[in-house]
Structures are given as C-alpha cells and as structure tokens.
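Below: one structure, written as structure tokens.
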Amino acid sequence: MKVYKTADYAAMSKKAANIICSLVVLKPDCVLGLATGSSPVGTYKQLIEWNKEGYLSFSKVKTVNLDEYRNLPVTHDQSYRYFMNDNLFDHVDIDKSVTNVPDGMAADIEAECKRYDELVASLGGADLQLLGMGHDGHIGFNEPCDEFPKGTHLVDLDPMTLEANARFFDNDPKKVPNQAVTMGIGTIMSAKKILVVVSGADKAGIVAKALLGPVTPQVPASILQFHPDVTIVADEAALAEYIKEGGKVCD
Ligand code: F6R
C-alpha cells in the first residue's frame with residue numbers, strides 16, 4: 001500500500017487526477033470504477049480541465065460506479081447518476097451509454113444486483129477503482145457488519161452515514177434515503193488498482209484504524225490492506241493520526 005500525503009484538498013485532488021490521467025493515457029479503453037461524495041469532486045474538476053485542454057480523452061473509457069441510493073429517481077439532484085453526470089460525464093468526451101451506475105429504482109432489486117455484478121465481470125472488472133472513505137470506514141456503501149459482502153447488494157445505511165449525508169438533504173438525516181445498492185467488497189477488491197482519496201481531520205481516526213488496525217468487516221476499508229495495488233492520497237489532516245501511530249508515507 002502506498003500512502004501519499006498532500007498539503008490540502010486541492011493538492012490531493014490534483015495528485016489523484018494525475019494518477020487517473022496516467023492510466024487513461026496508457027490505456028485509453030480502460031474501465032474506471034468511480035465514486036461519488038465530496039472527496040472525488042476536486043479530482044473530477046481537474047480531469048474535466050485536462051480533458052478540455054486536450055491532455056486526455058475519455059472517448060474510449062467505460063465506467064462502473066460503486067453505488068446508488070434506493071428509490072431515488074435519477075432526475076433527483078442527489079441521486080448518484082445525477083451526481084456523476086453533473087460532476088464529470090456531462091463535461092468530458094465520454095460516451096454516456098457506457099457509463100454505469102446501479103439502478104436504485106429497479107423493482108426487482110435482487111435481479112438488479114445480479115445484473116450489475118455480471119456487467120462488471122463482463123467488462124473484465126475495473127482497471128482502477130476510485131474510493132472515498134466513510135466516517136465508519138465504509139467503502140462504497142459497505143457498512144460495518146459481521147462478514148465482508150462479496151457482490152452487489154442492498155444495504156441499510158448506518159445512522160452515522162445518514163448523519164454525514166444529511167448535508168445534501170436540507171441537513172435532515174430523515175430525508176436521506178435509508179437504503180442503497182452497492183458493489184460488494186469482493187467486487188471492489190477485484191479491481192486491478194485501487195485509489196483512495198481522503199481529506200479532513202474528521203477522517204483522521206478512521207484512516208488510522210483502516211490502514212493500521214486489524215482487518216475486520218467492522219471496519220470495511222481495512223480489507224484494503226490485503227489488496228496488492230492500493231494508493232491512498234490524503235491530506236495532512238486526514239493522515240494526522242496515521243502518522244502519529246507510526247504509519248509510513250511515500251516521499
Ligand atoms: C460514494 C461512496 C461512499 C463515499 C463515502 C465518503 O460513492 O461510495 O463510500 O465515498 O461516504 O463520502 P465523502 O467523500 O462525501 O466524505
């Protein structure tokens with residue numbers, strides 16, 4: 001696992017965008033696994049800028065997103081499909097028909113989970129999976145639980161996650177959909193490379209726990225310790241505890 005420390009969110013975003021950019025340049029038809037939330041927004045902004053300047057093209061790239069709220073229409077500005085269009089896809093030269101987000105509106109959610117796993121497998125898995133990290137250590141919406149879930153599944157969101165995401169729903173945790181469809185840990189771990197972006201002092205405790213603590217489904221991100229190619233790009237504030245506890249960072 002490589003851990004890179006940056007001064008702040010802006011520097012974190014630029015470094016993460018550089019890593020994604022290098023992959024797209026080397027493999028123009030790559031499969032990118034993408035995330036939503038606040039952490040990757042700056043990364044997407046930088047990629048949009050470089051795309052507009054002609055440094056990289058998404059014309060052959062395919063994407064698979066991690067997750068989607070249950071029963072939030074794609075026209076809702078907090079749905080993850082809306083987020084991806086608004087924060088990336090609508091601003092770059094990507095073929096939107098090959099961008100994939102689980103269908104949180106599907107009547108038969110089990111069939112949808114199966115379809116999504118088959119789709120990811122048919123693409124050969126993600127060449128790079130971008131992740132943020134929740135305050136409870138979730139990745140995708142794999143919340144702390146007793147076993148690492150393998151495939152795409154429906155999940156009940158933790159009160160901590162509803163609280164954290166209330167900022168997008170009039171600051172009212174009751175307005176946050178309480179379920180989501182998420183890729184499983186098995187699917188995430190099958191990505192060839194994993195890139196995690198984390199920022200802010202509020203994440204310092206969970207970052208240290210996930211990277212240095214025991215590997216346990218109670219801290220879902222801790223599974224990343226077992227992946228052969230993980231890069232963490234985090235700002236100083238998010239790495240404070242990790243460094244205090246003796247965690248190593250790359251130069
Ligand atoms: C988003 C996702 C989540 C977020 C996590 C952190 O697709 O799967 O795991 O990455 O909740 O969210 P932010 O970046 O908003 O702190």
Kindly list, by first and then second residue, each pair from a residue in the stretch 34-63 that is closer than 16 Å to Tyr80 by Cα to a residue that is away from the ligand (no atom under 16 Å from the Cβ) and in a helix (DSSP H, G or I), limited to pairs with Cβ atoms under 9 Å and residues at least 6 apart or on different chains. Tyr44/His91; Thr63/Val98
I'd like the residue in the stretch 137-166 that is within 14 Å of the ligand (Cβ to nearest atom) and among the hydrophobic types (A, V, I, L, M, F, W, C) and, out of all such residues, is farthest from Leu212 (Cα to Cα). Ala166
Which of the residues that make up the stretch 167-202 are modelled with pLDDT of 95 or more, closer than 23 Å to Ala237 by Cα, within 12 Å of the ligand (Cβ to nearest atom) and assigned to a helix (DSSP H, G or I)? Asp202
Filter result for the condition that a residue is over 18 Å from the mean Cα position of the chain (by Cα) and not in a helix (DSSP H, G or I), over Gln218, Gln129: Gln218
Which listed residue is modelled with pLDDT of 95 or more, in a loop (DSSP other than H, G, I, E, B) and more than 28 Å from Lys14 (Cα to Cα), from Asp103, Asp117: Asp103
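Within the stretch 115-123, is even one residue of a type in the set (Ser, Thr, Tyr) and farther than 28 Å from Val198 by Cβ?
Residues of the stretch 115-123 that are of a type in the set (Ser, Thr, Tyr), as a first pass: 116, 122.
Of the ones still in play, those that are also farther than 28 Å from Val198 by Cβ are 122.
Yes.
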Just give me the residues in the stretch 132-161 being in a helix (DSSP H, G or I) and either buried (at least 17 other Cβ atoms within 10 Å of the Cβ) or at pLDDT 95 or above (or both), in sequence order. Thr161
Can you find, within the stretch 104-124, the residue that is farthest from the chain's Cα centre (by Cα) among those that are of a type outside the set (A, V, I, L, M, F, W, C) and surrounded by 17 or more Cβ atoms within 10 Å (Cβ to Cβ)? Glu112
Is it fair to say Lys248 is of a type in the set (D, E, K, R), touching a strand residue (DSSP E or B) at 6+ places or on another chain (Cβ under 8 Å) and in a loop (DSSP other than H, G, I, E, B)? yes
In the stretch 209-218, the residues that are surrounded by fewer than 20 Cβ atoms within 10 Å (Cβ to Cβ), closer than 20 Å to Ala191 by Cα and aliphatic (A, V, I, L, M): Val215
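The values are calculated or read from the model by the stated rules, or taken from the named source; none is laboratory data. Just so we're clear, the structure is a prediction, and the values are computed from it rather than from any experiment. Using ideal geometry, Cβ is built from the backbone for each residue, glycine included, and neighbour counts are taken over all protein chains shown.
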